[in-house]
C-alpha cells in the first residue's frame, strides 16, 4: 500500500466571500499537513491536494461539510510520495481560465459516466474532442480524438471552425479531470452544436474506474508527477523525444524559466541538455538546476496566512471549523 494519496476535484458553486474562505481553507490544509494547489473563485473550487490517506480523508470530509460542496466528486490516486512540495491556496476570477461567455451552473454538456463513455467509444456517430492544451495531448490522448493547437482554453473560440462541420454529430468532450469540459461543452452548445456530452471526472476517473482502454500515452498532470499512467488494457507510447526523436512519454519543463516549454525528453537527452529543450536554452546562465525530473516548484504568491493572520481572526476560523465538525458528528 502506497503511503500517500493525491486527490483531484472541482466544484462549480457560488462563493461570495472568497478571501475569507481562502483563509479558512488554507488554515485547515496547513493544520492537516496537506500540500497542493487550490483555486478559490466566485464560481467555485478547483484543487489537487496530496497527503497521507488519513489527512486526505479529513480534507474531503472538511470540503463536503460545507453544504455548497456536499456533492463534490473526488478522484483519489495512491502515490509513493507527496505530489507537491508546497501549498498554494489562491483566489482567482475563475477556477479554470477560459474567458468564455458561459456558466456551467446554467448549461453544460450532458455528463457521461466512465462506463457510459467506454460503451460509446466505438460508436461511428461519436466524435471525441480533446479540450486540453497542446502539450497535454502531445503526450497522451484517446484514439481518434480531435485535438486543437491551443495553449489554454481561452483560445477555444479560435478553433471552433475546425469542427464546425460536425455540429450535427454526437460530440463528447474530455479533459484531465472534467473541469475544462464543463465550460468547453457549454461553449459548444452556445455555438450551435446540438448533441454535446462530456466525460464526467475526466481521463483520470476513466482510468481509475474503467482501466483506461483506448487512451494512448500518458496523462499530463499539474503536480510533480508530471504524467501518470491511465491505460492498463492496451497502452502505447505516442510521443517522441523533442531532442532525439526516440519514443518517450517523459515530460519535462524546460530548465530555462523564460521558455518553460512542456515537451517530452528522454532521460539521456534530459541529462545531456541539462533539462533544456534547445541548445540556446541550455546556454542560458540563469537556467534552473536540473535534477532529473523536469519539475520546478512555482514561487509563492506571497500569501502567508499563518504568519499574516491576526491571532483573533485565526481563532475565529478555528472555532468555525470546530463548530462545523461538531454539527457533522
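The numbers here are math on the coordinates, done by the rules we state, and not lab data. Note that the structure is a prediction, hence the values are computed from the model and not measured. Glycine gets a Cβ as well: all are built from the backbone with ideal geometry, and neighbour counts include every protein chain shown.
Can you tell me what share of the DSSP beta bridges in segment 110-220 is antiparallel? A percent to the nearest 5 is fine. Could you put the intermediate results ahead of the total?
On the way: 3 of 16 bridges.
Around 20 percent antiparallel, to the nearest 5.
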*Where Rh is the Kirkwood radius over the Cα pairs of segment 110-220, the temperature 25 °C and the viscosity 0.890 mPa s, what D in µm²/s does Stokes-Einstein return?*
179 µm²/s
*Alpha carbon centre of segment 8-23 versus segment 119-146: separation in Å?*
31 Å
*In which sequence would 89, 228 go, from the one with the fewest C-beta neighbours within 10 Å to the one with the most?*
228, 89
*asked:* If you take every DSSP beta bridge fully contained in the chain, what fraction is antiparallel? Give it as a percent rounded to 5.
replied: 60 percent
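For residue 222 and residue 33, compute 0.36 nm times the residue count separating them, minus their Cα-Cα distance, and round to one decimal in nm. Display every interim value, and only then the final one.
Numbers: separation 189, 0.36 × 189 = 68.04 nm, distance 1.95 nm.
Full extension from residue 222 to residue 33 adds 66.1 nm.
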*Taking a ≥ b ≥ c as the square roots of the eigenvalues of the Cα gyration tensor of segment 196-289, is the shape rounded (a/c under 1.5), prolate (a/b larger than b/c) or oblate?*
prolate
*What value, in deg cm²/dmol to 500, does the helix sum -39500 (n - 2.57) over DSSP H runs of n ≥ 4 give at 222 nm once divided by the residues of the chain?*
-8000 deg cm²/dmol
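Taking a ≥ b ≥ c as the square roots of the eigenvalues of the Cα gyration tensor of the chain, is the shape rounded (a/c under 1.5), prolate (a/b larger than b/c) or oblate?
Judged from the Cα gyration tensor, the chain comes out oblate (a/c at least 1.5, b/c at or above a/b).
Peptides 240-251, 211-222: what's the order by average Cβ count within 10 Å, highest mean first?
On the way: 240-251: 18.2, 211-222: 21.2.
With the highest mean Cβ count within 10 Å placed first, the list reads 211-222, 240-251.
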*asked:* So if I take the centroid of the Cα atoms in segment 58-102 and the same for segment 235-272, what is the distance between those two points in Å?
replied: 28 Å
*Multiply the residue gap between residue 107 and residue 286 by 0.36 nm, knock off their C-alpha separation, and tell me the result in nm, one decimal place.*
59.7 nm
*Treat each spin label as a single point 7 Å out from the Cα along the C-beta direction, and report the residue 52 to residue 152 distance in nm.*
3.7 nm
*asked:* With an 8 Å Cα cut-off and a minimum separation of 6 or more residues, compute the relative contact order for the chain in percent.
replied: 14 percent
*Please label the shape of segment 1-127 as rounded, prolate or oblate, based on the square roots a ≥ b ≥ c of the eigenvalues of the alpha-carbon gyration tensor (a/c under 1.5 means rounded; beyond that, a/b larger than b/c means prolate, else oblate).*
oblate
*Over all distinct Cα pairs, what is the inverse of the mean 1/r for segment 239-298, reported as the Kirkwood hydrodynamic radius in Å?*
11.0 Å
